[in-house]
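Student: Next up is a structure, given as structure tokens.
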Ligand SMILES: NC(=O)c1ccc[n+]([C@@H]2O[C@H](COP(=O)([O-])OP(=O)(O)OC[C@H]3O[C@@H](n4cnc5c(N)ncnc54)[C@H](O)[C@@H]3O)[C@@H](O)[C@H]2O)c1
């Protein structure tokens, strides 16, 4: 933190703060002068994500599992509850952990907020809409989720976490808010986490085929991390209970996303079609009327720009950046699909279909 930065005197706890989204939140909060305690058990996060914050005044890292009750000594003004495995590769590897983090972890994070009368924000997800029958999805839509499918460990954990958060507010008057994040991408995603953007970028930079699932016509909407962080902090500063959708409405097919990344990286990679995962949503696009109206928020970063920044970061890692290149997380990393944004049409050097292993999903979180 720069010595000229003025402290707000506030203290935020970010669970999952060593993960992709959480580490950007920690950085943004510290930049505005809020002290931050990052609580993380590093099951999918990495200390490298918060290495730039170590030693900064006001930053504390607490290595703890939120499934167990945890506490921080200093009074808390804001709890951002972002701990949860989020990529399909991760939650399929950690099914019970994911359910327990969404349930017990949410209970424990809410208890901390209640203790100090803090504002509490739950990171929910577009996955609560499942394979949606309504398009685009607004917050009134109840979703179409398979409760016993492979993805249910994540989807139902988040649905339970939402229910718990609402019940906590009703029963104890805790000041809660729920954000439903649609697919977000940017620097610090892991090349092997199974999500479309990092998978495609990793493959393109390595000159490997980009693995597109199904016929690649399924769509996602992609938000750049800076936009998502701005929306979360706007929600934290408001008194809205939500849920509020945060996402980019520019929808893109997975095939166009793959072609765009090939063009932006200048790669000679081909596209290879592989099987589509079980319960993979065909479409995904947020209705953000509520966030626009109540939070005065809308995404600013277009896909071409956000992808270029993300590609630049991946190149840096390959060149020996602090993440030391790519990490394997033990998950599968067949193809990918994700989200949206714009698409530059790009040449593709032969597209093939290869029957492939069946993973339960490579989109979002
Ligand atoms: N990235 C997206 O597109 C997206 C979309 C929708 C919702 N979200 C939500 O945002 C949050 C962060 O997602 P992400 O993409 O940064 O994933 P991530 O895996 O990079 O980060 C999750 C963090 O939570 C930590 N964690 C998991 N279980 C924990 C536990 N029991 N105790 C303590 N720490 C634990 C992990 O170590 C990791 O640092 C998640 O709650 C996810 O559901 C993300």
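Just so you know, all these numbers are worked out from the coordinates, no wet-lab data involved. Source: prediction; values computed, not measured. Neighbour counts run over all protein chains shown; Cβ positions are idealised from the backbone, glycine included.
Student: Taking other Cβ within 10 Å of each residue's Cβ, how do 297, 313 sort, fewest first?
Tutor: Values: 297 22, 313 17.
Ranked by crowding around the Cβ, least crowded first: 313, 297.
Student: Give, as ranges by residue number, the residues of the stretch 89-123 whose backbone N falls under 20 Å from the point 7 Å along Cα→Cβ of residue 167.
Tutor: Zone members listed by number: 96-115, 120-123.
Student: Compute the long axis of helix 303-318 from its Cα atoms, compare it with the longest principal axis of the Cα atoms of the chain, and write down the angle in degrees, 0 to 90, nearest 10.
Tutor: Between helix and principal axis, roughly 90 degrees.
Student: By counting other Cβ atoms within 10 Å of each Cβ, how are 81, 24, 52 ranked from fewest to most?
Tutor: Listing 81, 24, 52 from fewest to most nearby Cβ atoms yields 52, 24, 81.
Student: How far is helix 196-206 tilted off the main Cα axis of the chain, in degrees rounded to 10, range 0 to 90?
Tutor: Orientation of helix 196-206: about 50 degrees from the principal axis.
Student: Calculate the tail of P(r) for the stretch 1-83: the fraction of all Cα-Cα distances greater than 15 Å, expressed in %.
Tutor: Numbers: 1654 of 3403 pairs.
The proportion of pairs with Cα distances above 15 Å equals 49 percent.
Student: Additional query: For the Cα atoms of the chain, what angle does the longest principal axis make with the long axis of helix 20-31, in degrees from 0 to 90, nearest 10?
Tutor: 50
Student: Which translational diffusion coefficient, to the nearest whole µm²/s, is obtained for the stretch 168-228 from the Stokes-Einstein equation, given a Kirkwood hydrodynamic radius over C-alpha pairs, 10 °C and 1.306 mPa s?
Tutor: On the way: Rh = 14.3 Å.
Calculated translational D: 111 µm²/s.
Student: Binning at 20 Å from 0, report for the chain what percent of all alpha-carbon pair distances ends up in each bin.
Tutor: Using 20 Å bins, I get a P(r) of 32, 60, 8 for the chain.
Student: When each pair of different Cα atoms in the stretch 72-118 is counted once in the 1/r mean, what is the Kirkwood radius in angstroms, to one decimal? Could the numbers behind the result be given before it?
Tutor: On the way: mean 1/r = 0.0859 Å⁻¹.
Computed over Cα pairs of the stretch 72-118, the Kirkwood hydrodynamic radius comes out at 11.6 Å.
Student: Could you order peptides 6-15, 175-184, 37-46 by the average number of other Cβ atoms within 10 Å of their residues, highest first?
Tutor: The peptides rank, most packed first, as 175-184, 37-46, 6-15.
Student: What full-extension length gain, to one decimal in nm, is calculated for residue 318 and residue 47 as 0.36 nm per residue of separation minus the Cα-Cα distance?
Tutor: 95.8 nm
Student: Which order, highest average first, do 65-75, 286-296 follow once you tally other Cβ atoms within 10 Å for each residue and take the mean per peptide?
Tutor: Working: 65-75: 14.6, 286-296: 17.5.
In decreasing order of mean packing, 65-75, 286-296 become 286-296, 65-75.
Student: In cubic angstrom, how much convex hull volume per residue do the alpha carbon atoms of the stretch 154-286 span?
Tutor: Each residue corresponds to 115 Å³ of Cα convex hull volume.
Student: Provide Rg over Rh for the stretch 36-169; use the alpha carbon set for both Rg and the Kirkwood Rh (inverse mean inverse pair distance). Walk me through the intermediate numbers first.
Tutor: Numbers: Rg = 15.8 Å, Rh = 15.9 Å.
Using only Cα positions, Rg/Rh for the stretch 36-169 is 0.99.
Student: May I ask what percent, to the nearest 5, of DSSP beta bridges between residues of the chain are antiparallel? Before the final figure, lay out the partial values.
Tutor: Numbers: 3 of 43 bridges.
So the antiparallel bridges amount to about 5 percent of the total.
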